[in-house]
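Accompanying notes for the structure given below.
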Amino acid sequence: MTAFAKAERRDGESSGIDPLAVFESFASSSAAYLKPADQGLLRSAYQCAEAAHAGQYRASGEPYITHPIAVAELLTRWHLDAHALSAALLHDVVEDTGISSAELAARFGDKVADLVEGVSKLDKIHFASREQAQAENFRKMLLAMSRDVRVILIKLADRLHNMRTLGAVKPEKARRVSAETLDIYAPIARRLGLATLVDELEDLSFRHLYPDRYRVLDAELHKMRGRRREALQRLSDAVGGRLADYGVEAEVSGREKTLYSIYRKMADKHVSFSQVMDIYGLRVVVRDAPTCYLALGALHSLYKPIHGKFKDYIAIPKANGYQSLHTTLFGPFGNPVEIQIRTQEMHRFAETGVASHWLYRKPESALSDIQLSTTRWLQNLLETQIDSPDAGEFLEQLKVDLFPGEVYVFTPKGRILALPRGATAVDFAYAVHSDIGDRCIAARINDELAPLRTELKNGDRVEIVTAATASPNPRWLSFVVSGKARQHIRHFLRTLKFEESVDLGERLLDQALHAFHHHVGEISARQWQHIAHQLNLGGRDELLVEIGTGKRQALEVARQLLRIDEAAGALTNLGAITVHDREGGAIEYASCCQPVPGDPIIGLIDRGRGLVVHTHDCAAVRRKRRRTDASRWVDVEWDAQMAGLFTVTVRVTAAHKPGVLATLARAIAEAETNISGVSVDEADTGSAYTTVLFTIEVANRVQLASVLRNLRKLPEVVRLARARNSQA
Ligand code: MN
């Protein structure tokens, strides 16, 4: 929704304005620099916009179409190309009328459609807070979203026209729009070096935000204007005379301060109006850079310079590319005189910044679309120091993204977070709070449910869905990019693994002690200490972790604890270990046989991996049994309260006919079972049958059985089995 896009029908009202005449005069004067073919594009863009906005009026009562025409006209001051001007004419049609982006692309080409879409996207996001850091993030978000610098120029022209016509809207809305302009749009314009635009945006905002202060200052300024002009004239005559003495050709002009800049100076530096007005400003424009320094020397010989006020922005330009020499002199009446010295080229750049490339480019150096995309040259303006005053040259040098490392997104409350590029919903969750990260289960991005691994885009509004019982998933580590998320997930897994390993180690040791008619509860603190010392370990828990992770054998430790000789110990009836349901911990379910609760199982203590659970009939178990030490095999059983989902692969061979895959999938879904993967066996290609491997998630054997039953019922199915991979 645009600030002023209010579509209202005002029956019978006539503003007396003929939109076509307004357009014709714009096309034949301001936009006269366009080639005839480009004029054609502009005209059809106008016709489309005019028809789309027909019946819509602005708050002022004028036909709505006068607004897009005015925006396009503002862009002609920078000599923007026909694509940008057409997009300006169409900038509100996607948002405010029924025309789609695809329709625009079909009628006016992708370039115009992309620009319109870019502007519409910016219109959709809103800035809520007046906090400094938030404003900065919001500005970066807007810039990062305007992949093409023309998008932001159209947006700025749109804002300027809205500011110029703010008188027609309610004061409260005018204040809100003005505050936003001061916080967001004027600083963006400044960053792009659009000095003239900044001045106008600021003065208009000041006027509507603080009408009383504006009126008082305006009256004061009016009173002293005549006297000031005279003084400025005398000063510039003196300066011009001295420069001529030194053989420097220069244009000298007095600089009028804007009301907003006077106001800011008074507010920031706590000085009075007359103190601000005591300072005079002059601008000296000369032929080339060396002459700037010559002029500086001449002026320093005319009036004494004020110590510490000299700045060389030619040698070290400002971040937005601005170049000039600044100095302040003691004027003839003891008043400070601020002087800017620059070349003509620097002057143009200072006034129009990024837009100077359209305004002053030579015909043969048409800018390519790549150059127009911000990825290349806003970066120059924003972040780099420019050695050459010819901005056209430095354009060629850098090929980097505009905020390459960051992406800006909204929290549900409108706060803006800067995340590393590539950040996912999980990174966002951890950035909000580590508890939210630990408990997240899903995300809502721009009001739509999305997987946690979804990569976030600039301007996304993200909401995290949490569950009190949820915990970090080790798989998240494969896609999170922020250090904070990574660190928290790792920490969680380490704690989990340690705790579970202690727990498992204790159960294994207890089982071993049972063989000797003892149990773990009997072991005294001194015994623990003693054996840990013997084995060079820190204590009980460390010893248990070693057992739980398979680094030490429980039976060995039991013997040592009970001081029993190997020969004396009988390996009878060890009893079973119960497997609980923790993920990412010390117990692993073998991928070769994919055990699910209810399957008869057996455990193998693997060095480093801990306890690996296989099904009894697993081929790998049969093979390993022959060559693995018997003491590494443990009887295990499922905990009765086993929760969570287990992955099983089911191999289905079915008659090959259209839609068979969907039929199979439906049968699985009817057993309330999720399919997490499907693959079709290529070996069947061309045969009458097709073999499909479904990876499904089940809670237990009962659920698996109902899936298999559903599949078996289908007439298409000829063979059906749990897939086993004997390789693992
Ligand atoms: Mn608009």
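The values are calculated or read from the model by the stated rules, or taken from the named source; none is laboratory data. The structure presented is a predicted model; accordingly, all values stated were derived computationally and were not measured. Cβ placement follows ideal geometry from the backbone for every residue including glycine, while neighbour counts extend to all protein chains displayed. Surface accessibility is based on the protein's heavy atoms, side chains included, excluding ligands, DNA and RNA. Shrake-Rupley method; radii C 1.70, N 1.55, O 1.52, S 1.80 Å.
Numbers at a glance
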| quantity | calculated |
| --- | --- |
| The stretch 231-246, residues that are part of a helix (DSSP H, G or I) and open to solvent by 50 Å² or more (accessible area, probe 1.4 Å) | Gln233, Arg234, Asp237, Arg242, Ala244, Asp245 |
| From Lys309, Lys304, residue being exposed (fewer than 15 other Cβ atoms within 10 Å of the Cβ) and at pLDDT 90 or above | Lys304 |
| Answer residue from the stretch 1-21, given it is within 16 Å of the ligand (Cβ to nearest atom) and of a type outside the set (Ser, Thr, Tyr) and is modelled with the highest pLDDT among those | Pro19 |
| Filtered residue count, the stretch 588-615, keeping only those that are assigned to a strand (DSSP E or B) and of a type in the set (Lys, Arg) | 0 |
| Filter result (crowded, with 19+ Cβ neighbours inside 10 Å, of a type in the set (S, T, N, Q) and away from the ligand (no atom under 16 Å from the Cβ)) within the stretch 109-156 | Asn137 |
| Residue within the stretch 80-91 that is closer than 19 Å to Glu200 by Cβ and away from the ligand (no atom under 13 Å from the Cβ) present | yes |
| Answer from His91, His83 - the residue that is closer than 30 Å to Glu406 by Cα and over 25 Å from the mean Cα position of the chain (by Cα) | His83 |
| Test: residue in the stretch 247-270 that is surrounded by 11 or more Cβ atoms within 10 Å (Cβ to Cβ), more than 20 Å from Asp199 (Cα to Cα) and of a type in the set (Ser, Thr, Tyr) | no |
| Per-region count, the stretch 487-537, residues free of Cβ contacts under 8 Å to residues at least 12 places away in the same chain, under 20 Å from Ile605 (Cα atoms) and of a type in the set (Lys, Arg) | 1 |
| Scope the stretch 89-108; condition open to solvent by 20 Å² or more (accessible area, probe 1.4 Å), of a type in the set (Val, Ile, Thr) and in a helix (DSSP H, G or I); matching residues | Val94 |
| Residues of the stretch 51-73 that turn out to be more than 15 Å from the ligand (Cβ to nearest atom) and in a helix (DSSP H, G or I), as a count | 1 |
| Among (1) farther than 26 Å from Leu75 by Cβ; (2) modelled with pLDDT of 85 or more; (3) assigned to a loop (DSSP other than H, G, I, E, B) - the single one Glu338 does not satisfy | (3) |
| Conditions (1) in contact (Cβ under 8 Å) with a residue 24 or more places away in the chain; (2) open to solvent by 50 Å² or more (accessible area, probe 1.4 Å): number failed by Leu711 | (2) |
| Close pairs (7 angstrom Cβ cut-off, 6 or more residues apart or separate chains): more than 11 Å from Ala72 (Cβ to Cβ) in the stretch 19-37, in a loop (DSSP other than H, G, I, E, B) anywhere | Pro19/Ile65; Tyr33/His79 |
| Total residues in the stretch 428-456, condition touching a helix residue (DSSP H, G or I) at 6+ places or on another chain (Cβ under 6 Å) and part of a helix (DSSP H, G or I) | 5 |
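A quick yes/no check of all residues on (1) free of Cβ contacts under 8 Å to residues at least 40 places away in the same chain; (2) assigned to a strand (DSSP E or B); (3) not assigned by TED's automatic domain parsing to the domain that holds Lys551; (4) not charged (D, E, K, R):
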site: Asp617; (1), (2), (3), (4): yes, no, no, no
site: Lys624; (1), (2), (3), (4): yes, no, no, no
site: Thr628; (1), (2), (3), (4): yes, no, no, yes
site: Val634; (1), (2), (3), (4): no, yes, no, yes
site: Leu661; (1), (2), (3), (4): yes, no, yes, yes
site: Thr691; (1), (2), (3), (4): no, yes, yes, yes
site: Leu704; (1), (2), (3), (4): no, no, yes, yes
site: Val707; (1), (2), (3), (4): no, no, yes, yes
